[in-house]
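Single-structure report; data block below.
The values are calculated or read from the model by the stated rules, or taken from the named source; none is laboratory data. Owing to the predicted nature of the structure, the values given are computational and were not obtained by experimental measurement. Methodologically, a virtual Cβ is constructed for each residue, glycine included, from the backbone with ideal geometry; neighbour enumeration extends over all protein chains shown.
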């Protein structure tokens, strides 16, 4: 499914990619550990925002479609996928 927010998500991911490359350069340059860790936290936070946007899109489209369809097997499958994802995140 093509999402309306695809360009926005890709831009965010490109920024994260740049941040990670910057962290690698900081390590190569033997920069201060706290500065490196600060940049790692920023990259993780940016990636978490992408994750949150994708989760909202999944809930707003895939889960909602399964509910509206009335297909209980599809509803269980979609709910199971989400539960498995959340369990892996622990």
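Quick notes on this structure:
- Candidates 54, 47, 13 - the one that is modelled with pLDDT under 95, assigned to a helix (DSSP H, G or I) and within 24 Å of residue 86 (Cα to Cα): 54
- Residue among 28, 74 that is modelled with pLDDT under 95 and more than 14 Å from the chain's Cα centre (by Cα): 74
- Residue in the stretch 39-54 that is surrounded by 15 or more Cβ atoms within 10 Å (Cβ to Cβ) and more than 19 Å from the chain's Cα centre (by Cα) present: no
- Matching option when the condition is surrounded by 12 or more Cβ atoms within 10 Å (Cβ to Cβ), at pLDDT below 95 and part of a helix (DSSP H, G or I), among 86, 59: 59
- Of the residues contained in the stretch 31-38, one or more are found to be part of a loop (DSSP other than H, G, I, E, B) and loosely packed, with under 13 Cβ neighbours inside 10 Å.
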